[in-house]
Structure formats: structure tokens, C-alpha cells
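Coordinate-derived values only; no laboratory data. As the structure is a prediction and not an experimental result, all values here were calculated from the model. Heads up, the Cβs are rebuilt from the backbone with ideal geometry, glycines too, and the neighbour counts pull from every protein chain shown.
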Amino acid sequence: MTVIVVFGTLAAATILPSRPVVVAGDPVETLFRALVTATITGVTLVVSINSLVLSQELGTLGDQRERMEGAVQFRQDVANSIDAPVAPSRPAQFLRALVESADKTANSLLDVVSGSEEAVADEVDEYARSVSENARGVSEGLDGARFGRFNVISSALNFNYSGKIFNARRIKEVHADTLSDEANDEIEHLIRVLQMFGLAREHFKTLYFQWDLIDLSRRILVASVPALLVSTAMVLFVNTGTYGWSVYGVDTLVPFVSVAVTVALLPFVILLAYVIRIATVTKRTLSIGPFVLRETEEVPEVDWDD
């Protein structure tokens, strides 16, 4: 629809009549010849993407067993950390359980240090409130979310676990002489939960990318069939010089070409939308662990010489 509107606007705004512009020099045939080649190239690219995704799922029995054991062990570790008999099976619920566990542990840490020195208590209070506010917002976003939709990954991206790990370690080291053993245990527990959230998010991000690439391949393959047929038909059977179909006396050449271009460009529009989304997620999750790549007020500058 956007392409049709753009072409219609350009046709209406041009100084020259739209029909002579389309007919002169036969640009339509040249355009659709290029689109035929581009569509075939795009289908070849999609086949390569499918092969790459499929290769990730192939492996020997030993490899599959190792993957299974790793997944089971990680789920057990998470269950132990969140004090649950079994970790949730759905990705959104799994991430939500870790986020809520981080919220609970941060509040427990605040209760433990409530009787400590004012400077320590104030800093932990600020940290715990930051964790709780962020965790509750992310938990609401994950509530009812289904894997395969962008809202699961989008909500998980809003939980800045890297900055929280850094701040937790900084509090522990700066106030090592003041914090009690119980407070240190709570901090270590919070760090473990945050680390597990980071691992889980990276794992589900990888699965989401594979899911998205499969959907991308299917949609481009489906869209490429009408795109290829329309582009080929425009080259073989449409002569803009003799085109004379009109509706109520209005020449339909420009709208007809605009619709054909829209159908021919559909695979590339789909590819652009998926690539932008995947690139956005990838940029926000380049680093795993306590490395903060984006500027944020949550992570202050620290001078360890003080």
C-alpha cells in the first residue's frame, strides 16, 4: 500500500504527464527485468538461510544428548535458585520467574541491611528499588506473552541485568567491611539469578532468531511466487506504449504499474522488516555478562582509587 501511495503521489506531483513519463524509454520493462533477477537471487538467498538454520539442528546422538543434559541441568539450577520444585517450561514464564526471583532477592537484601550504616542502607535501598521497579515492569510485559512473538524478547531486553550485576558487585566490594555474611549471601544469590537470566535470555534470543529466520524464509518463498509471476508477465505481455485500459475515462497505466511494482517488491519489504528487527535485537544484546555497552544512568562511574 505504501508503494502504491508513493508512486501515485509522485505521478500526481510530476510536472510532466504521468503516462509519457512511464512510456518514454520503456522504463517499465527495464525495471521488471531487474526485479525478475533480484527475486530469483532472493530465493537463492532464502534457501541458503534455510540450510544454515537447518545445520544448527543436525548432529550426532552424542551431540543431542549433550544438549539435552545441558538444558536439563540448567533448568534444575534455575529451579534451585528460585526456590521452586520445577522451573517453568514456557520461555516467557521461565524469564518471568527469574525476574520475580531477582525482585524478591533484592527486597530480602534490603531487609537484611536495614540496620546497617546509613550510607550502606541508602545505597542498597536505591539499588533494591531500581531492581524492583525494573523487574515489575518486565514481569508485566512477560505476563501472557507467547514465544515466537516479539513481545517476549522485547520485554526481556528491558531488564538491564548487566548493570545490576555490576552494581551488586560494586556494593559488595566497596562495603565489604560493613556488610554482614547474610547480606553477602543475598548479594551472591542475586548475582546468580541475574546471571541465569542473562544465559536464559541469550538462549531464547537464539531460538527466536531461528524461529524468525524460518518464518522469514517461508514468507519470502510464498511472496516470491506472485512477485516472479507479475514481474515476468510485465516483461512478456505488457506494452506500455499500446496500453489503453481506462476506468470512467481515467487512464489506469500508472496505478496498474504501481500495483505490479508493489507485488514485485513484496519479498524485499518482508526481508527488510525482518532484518531491521533482528539487527535491533542483536545490537542491544551484543555483550553477555557484566559488560554495559549502552550509556545508562543506572551504572555510575566508579573511581576505585578513592
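Note on THR60/ASP215: beta-carbon distance plugged into 1/(1 + (r/R0)^6) with R0 of 30 Å gives a FRET efficiency of 0.60.
Amide H contacts under 5 Å for PHE147: ALA92, restricted to partners 5 or more places along the chain or on a different chain, H placed in the peptide plane at 1.01 Å from N. Counting every other Cβ atom within 10 Å of each residue's Cβ, VAL43, VAL78, VAL99 order from fewest to most as VAL43, VAL78, VAL99.
Counting every pair of alpha carbons in region 65-212, the share spaced more than 24 Å apart comes to 34 percent.
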